[in-house]
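Written below as structure tokens is the structure these notes are about.
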Amino acid sequence: MSVVAATIGGVSRYRLVPTPAQETALLGHCGHARYVWNLGLEQRLMWRPGRPPTPGYVAQAAQLTEARAAEPWLAAGSQMVQQQALRDLDQAWRTYWGGTHHKPTWRRAGQHEGFRIVGSQAQRLERLNRKWGRVLVPKTGWIKFRWSRKIPDAKSYRITRDSTGRWHIAFAAIPDPIPAPGTGEVVGVDRGVAVSAVLSTGELLACPGLRASEQARLKRLQRQLGRCLRGSNRRTRIKTAIARLRAREADRRKDWVEKTSTHLVRWFDLIRVEDLKIRNMTRSVSGTVEQPGRNVRAKAGLNRGILAQGWGLLVTRLEQKAPGRVERVNPAYTSQTCAECGHCASENRESQAVFRCVVCGHTAHADVNAARNIAAGRAVTARRGTRSVPLKREPHLATSA
């Protein structure tokens, strides 16, 4: 598997390559950070109305010092790693109460493997050659990583391990936004399942996923997983193989999002997208075991298709790379409104891919027509009228003199 770096959000991630002995030490740091996080979270969750407030970061840090003196296992780890786990927990609660993030949850082994290093120790880097560098991790030693791009000037980094066993180091640094080209060009982006993203210019962009052979292997592994005994070595091997395929799919999706978002912000001054409620759109069908919902299998397939296209990640990266240059447009009736005359009717949409206006006869790819409506920022009223056509009425056709 290729060793690559990725820039996601405010971090620059690089592939870390520890030795087996170093990997054991890193897993020990991850275990300490996870233990301290869960212990601190348990204290925070014990609060009930009428009870005194639970201890904050300062009080929990003092308790950590006492715990390290009493527990040799905890004292053998890095104090910085454990303190930063408490600080991260405190920050997670602050963002939760601020309404920007979800409530902190428990960290599980195998799923949440990672820790953070801050301060002067985060600056201990050396470049070995054109492709490789190394970082000094407390109580672990020098660990090599792939120097695939310029290292940002960061005051902290986080080391993580994914479900496939790959280690990464991510330096926390907010990249500079990409400047606008200054051409005044506006583009609309229509997101779909059959076609991942369609531009108002007529471009059809498809997010790559697993190939047919990889999908067949994934289904075969999933069937084998269902026949394995829990806790067996065979089950562990099959779960790892499935995780590698899932990671490969996610890597391709993230790579496509990065390239597509960079292309859009470099070529267009203003980018308009639909204001979609993806969380609501991908909810499972309501129902019970006795009275299940309708079309459950079809809805589950639609949910997988939506999530596989990276709709939310694309808009997030656009807003991060071009702050202030991304507008969200009301998606109501954009796929049923003619981009030429503004007539809105469900009969205009002949099929998933064909749009033919019943009034003016305009014919186009249905998603391209929707993208043009999005680019125009066309708002549709409750009576399905537009700015140019206030009510739902047919425009007058031109007649010859």
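The values are calculated or read from the model by the stated rules, or taken from the named source; none is laboratory data. Everything numeric here is computed off the predicted structure, so don't read it as measured data. Cβ coordinates were reconstructed from backbone atoms using ideal geometry, including for glycine residues, and neighbour counts include every protein chain displayed. We work out accessible area using only protein heavy atoms, side chains counted, and drop any ligands, DNA or RNA first. Shrake-Rupley method; radii C 1.70, N 1.55, O 1.52, S 1.80 Å.
Cα axis of helix 233-267 to longest principal axis of the chain: angle in degrees, 0 to 90, nearest 10? Between helix and principal axis, roughly 50 degrees. The reciprocal of the average 1/r between distinct C-alpha atoms defines the Kirkwood hydrodynamic radius, which for segment 121-192 equals 15.4 Å.
For segment 135-177, build the convex hull from the C-alpha positions and give me its volume per residue in Å³. Can you show the working numbers first?
Numbers: hull volume 4.7 nm³, N = 43.
In segment 135-177, the Cα hull volume divided by residue count equals 109 Å³.
Using just its DSSP H runs of length 4 or more, each adding -39500 (n - 2.57), the chain gives a mean residue ellipticity at 222 nm of -12500 deg cm²/dmol after division by all residues. Using every pair of separate Cα atoms, the Kirkwood estimate puts the hydrodynamic radius of segment 116-272 at 19.6 angstrom. In the chain the Cα-Cα distances spread across 10 Å bins starting at 0 as 4, 16, 23, 24, 18, 10, 4, 1, 0, 0 percent of all pairs.
Projecting the Cα atoms of Ser261, Gln224, Leu318 onto the charge dipole of the chain (Cβ charges, centred on the Cα centre) puts Gln224 farthest toward the positive pole.
How long are the semi-axes of the equivalent ellipsoid of segment 191-241, taking √(5λ) for every eigenvalue λ of the Cα gyration tensor, in whole Å from largest down? Please list the in-between numbers first.
On the way: eigenvalues 276, 18, 13 Å².
Each semi-axis is √(5λ); the values are 37, 9, 8 Å.
In degrees from 0 to 90, rounded to the nearest 10, what is the angle of the helix 296-308 Cα long axis to the longest principal axis of the chain? Once rounded, one gets 80 degrees. Panel values: segment 331-380, Kirkwood radius from alpha carbon pairs, Stokes-Einstein at 10 °C and 1.306 mPa s, translational diffusion coefficient 156 µm²/s. Placing a label point 7 Å from the Cα of Ala212 along the Cα-to-Cβ line, the residues of segment 241-257 whose backbone N sits under 20 Å from it are 249. For segment 195-300, the C-alpha radius of gyration sits at 1.48 times the compact-globule guess of 2.2 N^0.38 Å, with N the residue count.
In this simple spin-label approximation, Thr65 and Thr262 carry label points 7 Å from Cα along the Cα→Cβ vector, and these lie 4.7 nm apart. Taking the chain as a whole, the Cys residues whose C-beta sits 4.7 Å or farther from every other Cys C-beta are Cys30, Cys207, Cys228, Cys344.
Surface composition of the chain: carbon and sulfur atoms hold 53% of the protein heavy-atom accessible area at a 1.4 Å probe.
Computed packing ranks the peptides 202-209, 173-180 as 202-209, 173-180, most packed first, by mean other Cβ atoms within 10 Å. The calculated Kirkwood hydrodynamic radius for segment 53-175 is 16.5 Å, given to one decimal from all distinct C-alpha pairs. Less than 5 angstrom separates the built amide H of Trp132 from those of Trp147, all sequence-distant by 5 or more or on a different chain.
Temperature 4 °C, viscosity 1.567 mPa s: under these conditions the Stokes-Einstein estimate for segment 230-357, based on its Kirkwood radius over C-alpha pairs, is 71 µm² per second.
Return one whole number: the accessible area per residue of the chain in Å², for a 1.4 Å probe. Don't skip to the end; give the middle numbers.
On the way: 22940 Å² over 401 residues.
Computed with neighbouring chains in place, this is 57 Å² per residue.
With q set to 0.17, 0.19, 0.22 Å⁻¹, the log10 of I(q)/I(0) for segment 297-349, from the Debye formula over equal scatterers at the Cα positions, is -0.84, -0.91, -0.92.
For the chain, relative contact order (Cα pairs under 8 Å, six or more residues apart, normalised by length) works out to 15 percent.
Each of Ala308 and Asn233 was given a label point 7 Å from its Cα along the Cα-to-Cβ line. The distance between the two points is 3.4 nm.
Considering only Cα-Cα distances, which of the following residue pairs are longer than 30 Å: Lys103/Lys139; Lys150/Lys259; Lys155/Lys277; Lys103/Lys155?
Numbers: Lys103/Lys139 32 Å; Lys150/Lys259 18 Å; Lys155/Lys277 35 Å; Lys103/Lys155 26 Å.
Distance filter (> 30 Å) returns Lys103/Lys139; Lys155/Lys277.
Both radii were evaluated on the Cα set of segment 85-143; the Rg over Rh quotient, with Rh as the Kirkwood radius, amounts to 1.12.
Quick one: length gained pulling His101 to Asp153 fully straight, 0.36 nm per residue minus the C-alpha distance?
Numbers: separation 52, 0.36 × 52 = 18.72 nm, distance 2.64 nm.
Difference between extended and current length: 16.1 nm.
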